[in-house]
């Protein structure tokens with residue numbers, strides 16, 4: 001049985017990936033998470049006592065800690081989900097993004113090289129490619145051209161991964177995914193903001209004209225693709241992951257309002273984000289052709305399920321709103337309960 005170091009596993013994608021791996025594989029998982037504002041161990045409350053899952057609180061920038069984890073738990077691979085990821089926060093302050101996304105990735109790569117790990121997967125984003133015009137889609141050969149401090153930090157990390165493959169023969173792969181949605185997404189992101197505000201009949205803030213186009217994929221489909229790339233992808237390669245569900249943000253907000261039976265009077269147009277990319281679209285033909293991956297959820301089905309999840313988990317949302325979720329570690333991991 002192999003042991004995986006999965007970083008950022010208390011976040012949105014990381015927690016869903018842990019749940020997916022415990023459900024579909026026999027791997028052991030060490031979840032390393034610093035529990036910053038977006039790290040929420042309550043995301044894993046249903047699996048936290050699984051004997052194959054171990055939680056370690058700490059930062060991927062802590063080289064000594066990463067080294068001890070790999071040695072103590074006989075780790076043979078890393079999936080790096082840990083990241084500062086909110087564009088608005090990167091505009092306000094870029095330093096934490098460079099620290100976690102660049103320096104942290106470097107620490108993990110150095111550890112993978114030192115210990116001769118069998119596999120390293122860097123979870124990246126389609127935002128490293130920049131912005132598209134009205135037609136076309138990002139392929140793995142599209143030059144990277146990041147437009148926000150967040151995407152610049154992720155692009156920098158990708159380049160480090162590439163360098164460690166070619167210079168040090170680290171067996172790494174990179175995935176670049178389109179916009180994720182689904183359960184446990186932190187409520188500062190677009191889709192949960194729209195859902196929660198609509199549920200409470202508060203204004204839905206729409207940047208600019210709301211016609212920025214994003215390619216949406218359900219987080220479960222993303223997790224399946226990541227694991228396929230981790231186990232079957234070719235070393236040194238980049239794999240785009242997308243479900244070909246392009247939607248303008250305004251249209252998504254309207255679909256949410258319809259699903260909840262709310263009026264479009266809740267739509268509120270606000271000043272656009274600086275440097276806001278107009279359109280993302282993913283060409284995922286490489287992962288489909290080489291590895292046989294296909295998304296399983298339509299956007300309409302996935303959106304309905306996501307809205308239903310937030311309606312059914314209002315206590316989870318309230319714990320984030322009040323900050324109570326930040327006490328979960330102390331209450332459940334340090335008190336002996």
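Does residue 140 satisfy the condition of being closer than 29 Å to residue 76 by Cβ and either surrounded by fewer than 17 Cβ atoms within 10 Å (Cβ to Cβ) or touching a residue at least 60 places away in the same chain (Cβ under 8 Å) (or both)? Step through it out loud before you land on a result.
Working: closer than 29 Å to residue 76 by Cβ: yes; either surrounded by fewer than 17 Cβ atoms within 10 Å (Cβ to Cβ) or touching a residue at least 60 places away in the same chain (Cβ under 8 Å) (or both): yes.
Considered against the rule, which asks whether it is closer than 29 Å to residue 76 by Cβ and either surrounded by fewer than 17 Cβ atoms within 10 Å (Cβ to Cβ) or touching a residue at least 60 places away in the same chain (Cβ under 8 Å) (or both), residue 140 comes out as yes.
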Condition set in a helix (DSSP H, G or I) and touching a strand residue (DSSP E or B) at 6+ places or on another chain (Cβ under 9 Å), scope region 84-112, selection surrounded by the most Cβ atoms within 10 Å (Cβ to Cβ): answer is 108
Which members of region 307-337 meet the condition of being surrounded by 13 or more Cβ atoms within 10 Å (Cβ to Cβ) and either under 20 Å from the mean Cα position of the chain (by Cα) or not in a helix (DSSP H, G or I) (or both)? 307, 309, 310, 313, 316, 317, 320, 325, 326
Some residue of region 177-188 being touching a residue at least 40 places away in the same chain (Cβ under 8 Å), over 17 Å from the mean Cα position of the chain (by Cα), outside any strand (DSSP E or B) and surrounded by fewer than 21 Cβ atoms within 10 Å (Cβ to Cβ): no
Flagged in region 239-248 as surrounded by fewer than 21 Cβ atoms within 10 Å (Cβ to Cβ) and in contact (Cβ under 8 Å) with a residue 40 or more places away in the chain, in numbering order, are 244, 247
Testing residue 153 on (1) assigned to a helix (DSSP H, G or I); (2) touching a strand residue (DSSP E or B) at 6+ places or on another chain (Cβ under 8 Å); (3) farther than 28 Å from residue 22 by Cβ, one condition comes back false. Which one is that? (2)
Checking the structure you have, find out if any residue of region 167-176 is assigned to a loop (DSSP other than H, G, I, E, B) and in contact with a strand residue (DSSP E or B) (Cβ under 8 Å, 6 or more places away or on another chain). yes
Of the residues 117, 121, which is touching a strand residue (DSSP E or B) at 6+ places or on another chain (Cβ under 7 Å), part of a loop (DSSP other than H, G, I, E, B) and buried (at least 16 other Cβ atoms within 10 Å of the Cβ)? 117
State whether one or more residues within region 193-204 are in contact with a helix residue (DSSP H, G or I) (Cβ under 9 Å, 6 or more places away or on another chain), part of a strand (DSSP E or B) and within 21 Å of residue 264 (Cα to Cα). yes
Can you name the condition, by its number, that residue 110 falls short on among (1) touching a helix residue (DSSP H, G or I) at 6+ places or on another chain (Cβ under 9 Å); (2) on the phi > 0 side of the Ramachandran plot; (3) at pLDDT 95 or above? (2)
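Within 30 Å of residue 19 (Cα to Cα), crowded, with 20+ Cβ neighbours inside 10 Å and over 22 Å from the mean Cα position of the chain (by Cα): does that describe residue 225?
It is false that residue 225 is within 30 Å of residue 19 (Cα to Cα), crowded, with 20+ Cβ neighbours inside 10 Å and over 22 Å from the mean Cα position of the chain (by Cα).
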Of all residues in region 268-284, which are in contact with a helix residue (DSSP H, G or I) (Cβ under 9 Å, 6 or more places away or on another chain) and crowded, with 18+ Cβ neighbours inside 10 Å? 277, 280, 281, 282, 284
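The values are calculated or read from the model by the stated rules, or taken from the named source; none is laboratory data. None of the values given here were measured: they were computed from a predicted structure. In this analysis, Cβ positions are derived from the backbone assuming ideal geometry, glycine residues included, and neighbour counts consider all displayed protein chains.
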